[in-house]
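The values are calculated or read from the model by the stated rules, or taken from the named source; none is laboratory data. Note that the structure is predicted; figures quoted are calculated from it, not measured. Here the Cβ positions follow ideal geometry from the backbone for every residue, glycine too, while neighbour counts run over all protein chains shown. When the accessible area is computed, the model is the full protein with side chains, heavy atoms only, and any ligands, DNA or RNA have been set aside. Shrake-Rupley method; radii C 1.70, N 1.55, O 1.52, S 1.80 Å.
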Amino acid sequence: MNTANILFIIARHLTFRDLLSFGQVNKLFNSVSKKDELWKRECLRVYFGNYDIFGSIYKGDEYLYKPTREPHWRHLLKKLIQTRHSWLLLKGDSFTHDDLDTLRCEVFLTLQEPLLPPPPLRREPKTFPTIIQDLLAHIFEEPSQIGFNLPTESEMIIEGVMNQNLIDEIGDNVSIDQIAIIKWALKGNKCDINKSLSLGSSGNQSTCYSSTGDFDSTLLTTYFQNKMINANPLIIKLFCTLKKTIKIHCVASWNCLNLIEEATELLSEYCLRWDAFCASIYWLDKIFLPFSILINQSYDIHWPNAPKMPPFTVMRLMMIIWRRHVFNKLKDYLLDSIFNLLQSQRNMIVKECPTFKGEINRIIKEDTANIMIKAIQAVVDLSVNELNIYFIDHSGFKGDGEYQLLHEKVLKLTQQFYEEVSSYPYAAQIYILGEDLKLAQRAFLPCTWTKIERMGVEIKIESMKNLYYSEYKQFIPISLTPEEEGLDRFVYSPFGKMLFSNDQSHAASRNIKLYIDYLRIRNRLQEVMDYNNLDALCQKLKQPKLVEDEEIEYQNEQMGLKLEVPPEEQVLFSISNDIHPGQFLAIISAFKTFEG
Amino acid sequence: MFYNFNKIEEVKIRLRSAEGHICEVEESAALMSSFIRSMIEGFNEVTEVSLPNINSVVIEKVIEYMRHYKDKDPPIIKKPIISSKMEENTSAWDAGFIDADWNMVVDLMTAADYLMMIPLRDLCCAKMACKFKGRSIDELRAEYHIENEFPSEMEENLEFQHPWRLE
């Protein structure tokens, strides 16, 4: 082993700070210290802790054609340290240096290795399957503090500061619209926090309208930049720094995910990281809750007549950053991986069908099904918002994000799969369609699985029609006088109508009656009743509103929520789509209440 | 019927050092070395292994390590190390074992690498890394008599590139 290799092994035992000194000793040490593997390990150690509590990673054998590139780990680590440094630059009358340091440690630790959030303890009939969906449905509701959910040191600091002088600082020294603007400035993609912080309070005010009174997007951008530049209060700087910290964490997560080429592994690791990030969201949202309430109250006081807006929360901020820096960059591969898994689940259902007597590994089937279900829920998390979350179980639910894409593609794939299934023997069809519906009900939202159910029922009816009509055509009556009593109700049932629609002859009525009598003699009237039940189910599924839907609408309308939300309101609430500050102002000005 | 409960004598492997001295070690202990294992498995009758690059003092030290971990796994050393004191990075026995002068640690590491004993090699590297932990560049250069090869402007540039000192 040569000297460079020995030095490399020694360097593997050093932290990044010691690596710096190590790399500056001489040229040999310097070249060893530049090896990317050393920085990768340090980078992963500093960014991410142990995620074992969120599950394990599963690897399959379906490789994606995905360009992967080893990220510049050293640069990524540098960014993180710079972000940590920007926390140290925060100064304000409200917080002491030690308080800010505690807060900084809490934020970084929560992102690095979050604790598992406690289960929600609410007396409500409706429960949501994920942390995010539960948080969205209960914005601003204090989590239960029974026994294990004590406030953290950071929460106590923020609450202490809130009670003392932060409210005074905001009330006396700061224009209230600066606080209000944070709701949208933080959501903007091009908000350059460094610039805002370093330029301090210089810069002049401008409005978003040109001299001619027309809407001017350039001026609008300037307007928002000036608002941020003038944003001296610590609360704004604090949120800007928090945003920067979350962003760099998300970029690091994306870098890790981008290296994965195998479909199941990608989904599995994405779900693991998303779960961990959701846990961070839960805790950080809780810590910064008093600040979020303050911002929203200031906003409501300043613009009481503005259209209904989503509240500013750290959860919203974190979800948007994750969506922008991780999900959007990977969504095509994630969706493809979900479709791959769905396809393989269906192949396994066909294989294990008693008609085909194939053998499958049930453990693998269950594991991959669970990964697929988790991944679908992760897509749902980013396709709902505070308005539509209450309608998530409605069969007419329209998510406003990638779930729509997933829904359409799944229906297309299901159509193809069911066409293939329709060529199988009838017993196999019944088994496969039944199992597939069970899988769909576990994995998808009711808006998707109700359509799949309908498709399945239609396929079954079609197959039954073919089956009975071909039997009817070959049927030779054994008696010329059918049993009259009780047969009419079958002749004029959907089963009889189906035969009538295929046989237009004069003797059709008599022949159908004889055929049904033949079925009666053979104890097969149950099959006729099954067909009629299936037809009734199909008719029911074709109805626009199910009983469950009406119940959901009835419950939510009492709270002022509607399934069909006006587009401008939907835009404001959307987590899936970015809204430029210009769009926001245009909506506000449409209400003629904006005082810009 | 009587059983013989006397312990069966274990096969011993003879390790020949660079000076030609023979050091004996039990086969079960010697198998910790992948190099010796491959020799034994490759040639069934092998009982002597020549180690021309390793002196007898170092071989004795290696045998001490082999005997200690004959029936158990060596502890895993955390990476990165958390302290410049070995007692805080690994077990007390390991820390005491590796508490030797620099030349001995280097020789031991070379021997561990030759004998393909990864846990011992990692222990030596961790001991060496302790010498780097928390030390300034000037201290390191002075201790190991390393000349500064960087021109002054390049050295400034190196410092400027690294924001780590900010923390």
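For a modelled paramagnetic label at B:Asp71, 7 Å from Cα along Cα-to-Cβ, the residues of segment B:90-104 in reach, with backbone nitrogen under 20 Å, are B:92-94. The separation of segment A:76-109 from segment A:515-588, counted between C-alpha centres, amounts to 49 Å. Per-residue surface analysis assigns B:Glu139 an accessible area of about 90 Å², computed on protein heavy atoms at 1.4 Å probe radius. Considering only B:Val46, B:Ala129, B:Trp102, whose Cα is most displaced toward the positive end of the charge dipole of chain B, charges sitting on Cβ of Lys, Arg (+1) and Asp, Glu (-1)? Among B:Val46, B:Ala129, B:Trp102, the one farthest towards the positive end of the dipole of chain B is B:Val46.
Each part gets one Cα centre, and for segment A:1-50 versus segment B:44-97 those centres are 23 Å apart.
What full-extension length gain, to one decimal in nm, is calculated for A:Tyr554 and A:Val571 as 0.36 nm per residue of separation minus the Cα-Cα distance? Before the final figure, lay out the partial values.
Details: separation 17, 0.36 × 17 = 6.12 nm, distance 2.45 nm.
Answer, rounded to one decimal: 3.7 nm.
With a Förster radius of 35 Å applied to the C-beta separation of B:Glu27 and A:Asn50, the computed FRET efficiency comes to 0.35. Residue by residue along B:137-143, Cβ atoms of other protein chains within 10 Å of the local Cβ number 3 on average. Bridging of A:Lys34 to lysines at a Cα separation below 22 Å is possible for A:Lys78, A:Lys79, B:Lys78, B:Lys79, B:Lys127, B:Lys131, B:Lys133, once same-chain residues fewer than 8 apart are set aside. A 1.4 Å probe over all protein chains sorts A:Phe288, A:Phe475, A:Phe500 by accessible area into A:Phe500, A:Phe475, A:Phe288, starting with the largest. Please give the FRET efficiency for A:Asn361 paired with A:Tyr63, using the beta carbon to beta carbon distance and R0 = 22 Å, rounded to the nearest 0.05. That gives a FRET efficiency of 0.65. Listed peptides B:131-138, A:127-134 appear in the order A:127-134, B:131-138 once ranked by packing, highest mean of other Cβ atoms within 10 Å at the front.
On association of chains A and B, roughly 3200 Å² of accessible area becomes buried (total for both chains; probe 1.4 Å). Computed about the Cα centre, the dipole magnitude for segment A:299-430 is approximately 180 debye when only Lys and Arg (+1) and Asp and Glu (-1) carry charge, each at its Cβ. Net length available on complete extension from A:Glu408 to A:Asp332 is 25.9 nm, with 0.36 nm assigned per residue and the Cα-Cα distance removed. Only Lys, Arg, Asp and Glu carry charge here, each on its Cβ (+1 for the first two, -1 for the last two); on that basis segment A:405-499 has a dipole of about 420 debye about its Cα centre. Under the convention that each Lys and Arg Cβ holds +1 and each Asp and Glu Cβ holds -1, the size of the dipole of chain B around its Cα centre is about 580 debye.
Other residues lying with their Cβ under 9 Å from the Cβ of A:Leu259 contribute a combined charge of -1, Lys and Arg counting +1, Asp and Glu -1. Placing a label point 7 Å from the Cα of A:Lys398 along the Cα-to-Cβ direction, the residues of segment A:544-570 with a backbone N closer than 15 Å are A:562-570. For segment B:13-147, the per residue solvent-accessible surface stands at 51 Å², with DNA, RNA and ligands left out and a 1.4 Å probe.
Summary value for chain B: 19 percent relative contact order, contacts being C-alpha pairs under 8 angstrom separated by 6+ residues. Counting Cβ atoms of other protein chains within 10 Å of each Cβ in A:76-86 and taking the mean gives 2.
For segment A:388-553, the fraction of 1.4 Å probe accessible surface lying on carbon and sulfur atoms is 52 percent.
Compute the signed sum of charges (Lys and Arg +1, Asp and Glu -1) over the other residues within less than 12 Å, Cβ to Cβ, of A:Pro114.
Charge balance near A:Pro114 sits at -2.
Among A:Lys59/A:Lys357; A:Lys244/A:Lys329; A:Lys460/A:Lys497, which pairs are too far apart, with a Cα-Cα distance over 20 Å? Those over the limit are A:Lys59/A:Lys357. Look at the stretch A:26-38: the mean tally of other chain Cβ atoms within 10 Å of its residues' Cβ atoms is 2. Taking a straight Cα-Cα cut-off under 24 Å and skipping sequence neighbours fewer than 8 places away in the same chain, the lysines within cross-link reach of A:Lys308 are A:Lys183, A:Lys187, A:Lys227, A:Lys286, A:Lys398, A:Lys562, A:Lys592.
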